[in-house]
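We did not get these values from a lab; they are worked out from the coordinates using the rules stated. Just so we're clear, the structure is a prediction, and the values are computed from it rather than from any experiment. Cβ placement follows ideal geometry from the backbone for every residue including glycine, while neighbour counts extend to all protein chains displayed.
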Amino acid sequence: MKVKTVKKWMSNIISVILLLVFVLMLFVVVSSKAAGGEPQAFGYQLKTVLSGSMEPGIKTGSIIVVKPTADTKRFKKNDVITFKEEENKLITHRIVEVIKDGETVMYRTKGDNNKTEDMNPVLSENVVAMFTGFTIPYLGYFTEFSKSKQGNALLLILPGILLLLYSVFTIWKTISKLEKDNKSSSQDTEKSIS
């Protein structure tokens, strides 16, 4: 009895894990496409860190959670912001100085791991989000891979392969049980005839 219970639990655990992997992969692919490359949920965005400028707090290859903001003039010293340096290049650094000149607000920034401040101050209009303090180390490598053609293909095909393998395993297990039940049933019939 205990072996059957353990097998049943293992089967249920495998089913849940496969379902969670499928849902996670589906979420990453769909949210990446919907957000134009960066997954987002509940008003927060996930960004991939590609350099070590903010180490040791934010490791290279990490995923960070940022909160997009419309009020880009509200930040203060020591806030960590994500800003556009160029059209397609985002940087996440710490504010070391706030520069106000009338209506214009600029931020002097620096990576925690850099020896010097960034060369150019950041215009408040170029700030896109504020770092929430939540980071997941090394998951960024996975999301960057998922954006590639090979990664997209793998994320779409892998869950299907896993579900197919699990289905084959379940069918094999069911057929084995039926054969075992038929064998014991025919042995019982032979005993009752003799």
When the dipole is taken about the Cα centre of the range 34-156, and only Lys, Arg (+1) and Asp, Glu (-1) are charged at their Cβ, what size is it in debye, to the nearest 20?
-> 260 debye
Note down, for the range 48-155, the three equivalent ellipsoid semi-axes (square root of 5 times each alpha carbon gyration tensor eigenvalue), biggest first, whole angstrom.
-> 27, 15, 12
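Given the peptides 60-67, 174-181, arrange them by the average over their residues of other C-beta atoms within 10 Å, most packed first.
Numbers: 60-67: 19.4, 174-181: 10.0.
Result, highest mean Cβ count within 10 Å first: 60-67, 174-181.
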Rounded to 10°, Cα long-axis angle of helix 2-34 versus longest principal axis of the chain | 40 degrees
Which distance in Å, rounded to a whole number, links the C-alpha centroids of the range 94-138 and the range 45-74?
-> 11 Å
Expected-Rg normalisation [2.2 N^0.38 Å, Cα atoms] applied to the chain = 1.65
Helix-only [θ]222 nm of the chain, DSSP H runs n ≥ 4, -39500 (n - 2.57) each, per residue, nearest 500 = -16000 deg cm²/dmol
Under 23 Å from Lys76, Cα to Cα: lysines that are on another chain or at least 8 residues apart = Lys47, Lys67, Lys84, Lys89, Lys100, Lys110, Lys115
